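Here is the structure we will look at, set down as structure tokens.
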Amino acid sequence: GACVTACPVNAITYGDNSLLFLRDLVTPSKVVITQMAPSVRVTIGEAFGFEAGVNVEKKIAAGLRALGVDYVFDTTWAADLTIMEEAAELTDRLKRYLAGDETVKLPILTSCCPAWVKFIEQNYADMLDVPSSSKSPMQMFASVAKDLWSREHNLDRTDITSVAIMPCIAKKYEAARPEFSRDLNYDVDYVLTTNELIKIFKDTGIDLKEIEDEEIDQVMGEYTGAGIIFGRTGGVIEAATRTALEGLTGKKFDTIEFECLRGWDGFRCSEIKVDDDLTLRIGVAHGLKEAKKMLDKIRSGEEFFHAIEIMACTGGCIGGGGQPKAKKRAETLEKRMEGLNNIDRSLTLRRSNENPTIQVIYDKYLDYPLSHKAHELLHTQYFVRPKK
Ligand code: SF4
């Protein structure tokens, strides 16, 4: 259908798991938990008469509970965790690079878009040390849920059905990567796209316009403004910059919004002055063509960046192939983006390192970003893959 043709790498044909989801919800022995990507809350409402960009996360929570979901959590929480690891990686690579270590590879590439990760694995085998080794927020969430949260609730990982509500079909492919499973039990059991969840709500008579708001479950529901902007182009690198600047200088920066990283150009380049000795060159690309252009320039040495963000979809995940189809596409994407920016602006905590529940998880289980334990649970590796 529409989703498959909209998928920029045309890679994924993984099926619709809606019926499996409905069956799991009525199976008493299964504890069903969900996570929803940052972008979903500003798009799903369009199918129920809301304007694009209106945050309906509390309606989604109510709708999922009405279906029988046991715990409604939020991928955005794990986006903050991703930034802790990714910003630490960036800081670490930069410090070693500046100290003259020639083994360090720059730029670092954000790795939460599985369509791009796969594209690099297939086409840039010589650049597999460019992507950050941090798992995507979806996979970080799922690792924590099945390995740590389960323990606190006296559950085995096999008791949990972990469902992710995502903007695209590429996320189904990511969830099915064998490295994200243990003994054939996958960290994410399956992914539903926004459009698939819309159909489930409609078929079961759940109207998001009518339903009363409900809160998202804690603790894997608390997020900062940095986590929420993951859903739009430039957001992941902006979130990483907010935290990395503190890591690099030991100082809190007043600047939160980096206008230079924002906008709609398919391939943009910004310079952020850290101090007298260091100005970061950051690249942002979205959409298949522009992103490829950027990687080719990096490979040939024509461009140098310290860090880059690449998203396969125009606009980032707000433009994902599993999102509602918009009649006036550019206008709708703009509203969705503004919706995410408004949530970010409305929050007191806007840096991932300020998320108190993330600090707790390091204190309790993971020690500190890039620790041995954090590596085991939150990082992954990339493989050379044949072109199809
Ligand atoms: Fe999926 Fe597109 Fe987001 Fe990549 S940018 S994760 S393909 S929705």
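The values are calculated or read from the model by the stated rules, or taken from the named source; none is laboratory data. Being a predicted model, the structure only gives us computed values, none of them experimental. All Cβ positions, glycine included, derive from the backbone under ideal geometry; neighbour counts span all protein chains shown.
Restricting attention to region 185-203, which residues are in contact with a strand residue (DSSP E or B) (Cβ under 6 Å, 6 or more places away or on another chain) and in a helix (DSSP H, G or I)?
Within region 185-203, LEU197 is the sole residue that qualifies.
If I ask for residues that are charged (D, E, K, R) and either part of a loop (DSSP other than H, G, I, E, B) or loosely packed, with under 14 Cβ neighbours inside 10 Å (or both), which ones from region 96-110 would you list?
ASP101, GLU102, LYS105 - these are the residues of region 96-110 that are charged (D, E, K, R) and either part of a loop (DSSP other than H, G, I, E, B) or loosely packed, with under 14 Cβ neighbours inside 10 Å (or both).
If I filter region 135-176 down to residues being without any contact (Cβ under 8 Å) to a residue 40 or more places away in the chain and among the charged types (D, E, K, R), which single residue comes out as farthest from GLU89 (Cα to Cα)?
If we take residues in region 135-176 being without any contact (Cβ under 8 Å) to a residue 40 or more places away in the chain and among the charged types (D, E, K, R), then ASP156 is farthest from GLU89 (Cα to Cα).
Taking region 138-176 only, how many residues are surrounded by 19 or more Cβ atoms within 10 Å (Cβ to Cβ), outside any strand (DSSP E or B) and aliphatic (A, V, I, L, M)?
Result for region 138-176: 8.
Mind listing whichever residues of region 275-306 are assigned to a loop (DSSP other than H, G, I, E, B) and either crowded, with 17+ Cβ neighbours inside 10 Å or modelled with pLDDT of 95 or more (or both)?
The answer is GLY287, GLU303, PHE305, HIS306.
Tell me which residues, restricted to region 116-147, are at pLDDT below 95 and of a type in the set (A, V, I, L, M).
Answer for region 116-147, where residues must be at pLDDT below 95 and of a type in the set (A, V, I, L, M): VAL117, ILE120, ALA125, MET127, LEU128, VAL130.
Search region 96-149 for residues being within 16 Å of the ligand (Cβ to nearest atom) and charged (D, E, K, R), and hand back the single one that is farthest from ALA239 (Cα to Cα).
GLU121
THR76 - would you say it is under 19 Å from GLN218 (Cβ atoms), in a helix (DSSP H, G or I), in contact with a Gly (Cβ under 9 Å, 6 or more places away or on another chain) and among the β-branched types (Val, Ile, Thr)?
Working: under 19 Å from GLN218 (Cβ atoms): yes; in a helix (DSSP H, G or I): yes; in contact with a Gly (Cβ under 9 Å, 6 or more places away or on another chain): yes; among the β-branched types (Val, Ile, Thr): yes.
In short, yes.
Within region 242-260, restricting attention to residues that are surrounded by 15 or more Cβ atoms within 10 Å (Cβ to Cβ) and within 16 Å of ARG345 (Cα to Cα), which residue is modelled with the highest pLDDT?
Across region 242-260, the extreme among qualifying residues is ARG242.
Conditions first: (1) within 16 Å of the ligand (Cβ to nearest atom); (2) modelled with pLDDT under 90; (3) charged (D, E, K, R). GLU309 passes all but one, so which condition is the exception?
Of the numbered conditions (1) within 16 Å of the ligand (Cβ to nearest atom); (2) modelled with pLDDT under 90; (3) charged (D, E, K, R), the odd one out for GLU309 is (2).
Restricting the search to region 12-57, which residues are small (Gly, Ala, Ser), within 27 Å of ASP80 (Cα to Cα) and assigned to a helix (DSSP H, G or I)? Reasoning before the result, please.
To start, the set of residues in region 12-57 that are small (Gly, Ala, Ser) comprises 15, 18, 29, 37, 39, 45, 47, 49, 52-53.
The next check asks that each one be within 27 Å of ASP80 (Cα to Cα); those that pass are 37, 39, 45, 52-53.
Result: SER39, GLY45.
Exactly one of (1) in a loop (DSSP other than H, G, I, E, B); (2) closer than 20 Å to GLY320 by Cα; (3) not aromatic (Phe, Trp, Tyr) is unmet by ILE120. Its number?
Only one criterion is unmet by ILE120, namely (1).
Can you pull out every residue in region 316-340 that is within 15 Å of the ligand (Cβ to nearest atom), surrounded by 24 or more Cβ atoms within 10 Å (Cβ to Cβ) and not polar (S, T, N, Q)?
Listed by number, the residues that qualify are GLY316, CYS317, ILE318, GLY319, GLY320, GLY321, GLY322, LEU333, ARG336, MET337, LEU340.
Restricting to region 338-373, name every residue that is small (Gly, Ala, Ser) and within 18 Å of the chain's Cα centre (by Cα).
GLY339, SER352 - these are the residues of region 338-373 that are small (Gly, Ala, Ser) and within 18 Å of the chain's Cα centre (by Cα).
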